[in-house]
Amino acid sequence: MGNILIRGATVLTMESSDSVFEDGEIAIAGDRIASAGPRGSAPEGFSPEKIIDGSGKVVMPGFVNSHTHAAMTLFRGYADDMPLMKWLSEKIWPAEERLQPEDIYWGTMLCCLEMIKSGTTSFADMYFEMDMVARAVEECGMRACLSRGMIGVAPTARKAVEESAALVEQWHGGANGRIRVMFGPHAPYTCPPDYLKEVIGLAGRYGVGIHMHVSETGDEVEQIKSMYGTSPVKYLDSLGLFELPVLAAHCVHLDESDIEILASKKVGIAHCPESNMKLASGVSPVARLINSGAPVGLGTDGAASNNNLDMFEEMHCASLLQKVTAGDPTVLPSYTALKLATAGGAQAIGFPDLGLLKPGMKADLIMIEFNKPHLCPRHDVMAHLVYSARSADVDTVVIDGEIVMEGRKVLTMDEDEVMNRAQLHAFRLAGEKG
């Protein structure tokens, strides 16, 4: 890794809503930010091997996609406009039974390609054949928190435990620290208490966290209440789950006591507004969660239920959805939406040294071309990023101090090969001819 100097850009450090440097400069030393501030703020004696002209561009932390299922890019557009359980039981689960390791690899490569081109530098993933996912992440240069999905009521329940432990042992801290691993019990309604207690024990023994779907639908809440007499959040809390670092996906149907538990236990929450809207799961009380002090990030969910991995769209929808639900246009303003997509997501998935541009933080950042009609005039850069910008505006992506995209050309993979191979694998899974 060589030293890089980005000069002349508008720099959003995301430390506060007014931490913006119009003629800014960022110095990158190896995999870390050495400085971020006005022009001339690089450390004395800093010697860059590469200088990037940031004129007309905005530099900000890379997006953190806090919940997805990467290889489900292969099912994009395959099962649309269906209720969640019908979508799963009639379309997704039968197709997933045909998945082979190479399908997972190429589906993940397609996911990573899409995320890099839209400014995402880190993501939290839950699926299976996770060694294939880890291999793709290592090769493309991204950063990820990986979990092997575990369904305790399935015939593969024991296999999932063994594969999860093997994933931790092989990949936690892998790819020069870019990969971390969590255990991934799917949801309270698919993992009985004894199974969850075993997973909690294993996660504690290995010193890793847990990634889980929680309170995604009203049906789930009613099912858990009928089985255990309480809400999913209180049920999981009674098992001791929240004594560990937890990433809880969705958290749509919550009462005030649920919110209090999640905030007090600092449970990371992955808010997935587009998926929740598309599957008609409901609207997460994100504003209340944020006000309570819970760490909240944004996620896209899988491309089969979104149908893209675009964090610009996710920010836009999150902000507008909270405003119209609350009947208050001041709810979830642009800075807060940006924070959810960067520092909030980093905190939620357990990467505390991401999401801000300040000395000592990891050098994961993106450069956005602002010389575009839809971003003119520049009254408010943060508002433009949330309400006007598009994924195609991302010009350059740096992850761990390495340039992985420059001038919209991804440097770590062959884009045409990835799309062609993914297309072939997707057609095979759907029983279609390419």
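The values are calculated or read from the model by the stated rules, or taken from the named source; none is laboratory data. Please read these numbers as outputs of a predicted model, since none were measured by experiment. For neighbour counting, all protein chains shown are included, and Cβ atoms are generated from backbone atoms with ideal geometry for every residue, glycine included. Note: areas computed on protein heavy atoms with side chains; ligands, DNA, RNA excluded. Shrake-Rupley method; radii C 1.70, N 1.55, O 1.52, S 1.80 Å.
Just to be sure, is residue 402 open to solvent by 10 Å² or more (accessible area, probe 1.4 Å), of a type in the set (D, E, K, R) and at pLDDT below 95? No, not satisfied. Against the definition (modelled with pLDDT of 95 or more, acidic (Asp, Glu), within 22 Å of residue 195 (Cα to Cα) and not in a helix (DSSP H, G or I)), how does residue 216 come out, yes or no? Against the criterion (modelled with pLDDT of 95 or more, acidic (Asp, Glu), within 22 Å of residue 195 (Cα to Cα) and not in a helix (DSSP H, G or I)), residue 216 qualifies. Of all residues in the stretch 109-140, those satisfying the criterion of being open to solvent by 10 Å² or more (accessible area, probe 1.4 Å), in contact (Cβ under 8 Å) with a residue 60 or more places away in the chain and touching a Leu at 6+ places or on another chain (Cβ under 9 Å) are 110, 114. When the residues of the stretch 174-189 are filtered to those that are open to solvent by 20 Å² or more (accessible area, probe 1.4 Å) and more than 18 Å from the chain's Cα centre (by Cα), the one that is farthest from residue 121 (Cα to Cα) is 189.
When the stretch 141-164 is examined, which residues are found to be part of a helix (DSSP H, G or I), of a type outside the set (Val, Ile, Thr) and surrounded by fewer than 24 Cβ atoms within 10 Å (Cβ to Cβ)? Across the stretch 141-164, the qualifying residues are 157, 158, 159, 160, 162, 163.
Residue-wise test of (1) buried (at least 18 other Cβ atoms within 10 Å of the Cβ); (2) charged (D, E, K, R); (3) touching a Pro at 6+ places or on another chain (Cβ under 7 Å); (4) modelled with pLDDT of 95 or more.
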residue: 283; (1), (2), (3), (4): no, no, no, yes
residue: 293; (1), (2), (3), (4): no, no, no, yes
residue: 297; (1), (2), (3), (4): yes, no, no, yes
residue: 314; (1), (2), (3), (4): yes, yes, yes, yes
residue: 323; (1), (2), (3), (4): no, yes, yes, yes
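Only one of the numbered conditions (1) within 22 Å of residue 312 (Cβ to Cβ); (2) touching a Pro at 6+ places or on another chain (Cβ under 7 Å); (3) surrounded by fewer than 20 Cβ atoms within 10 Å (Cβ to Cβ); (4) of a type outside the set (A, V, I, L, M, F, W, C) is violated by residue 35, and that is (1). When the stretch 165-199 is filtered for residues that are touching a Pro at 6+ places or on another chain (Cβ under 9 Å) and either over 30 Å from residue 234 (Cβ atoms) or free of Cβ contacts under 8 Å to residues at least 60 places away in the same chain (or both), the ones remaining, listed by number, are 187, 188, 189, 191, 195, 196, 199. When 209, 174, 218 are checked against the criterion of being under 16 Å from residue 267 (Cα atoms) and among the small types (Gly, Ala, Ser), a single residue qualifies: 209.
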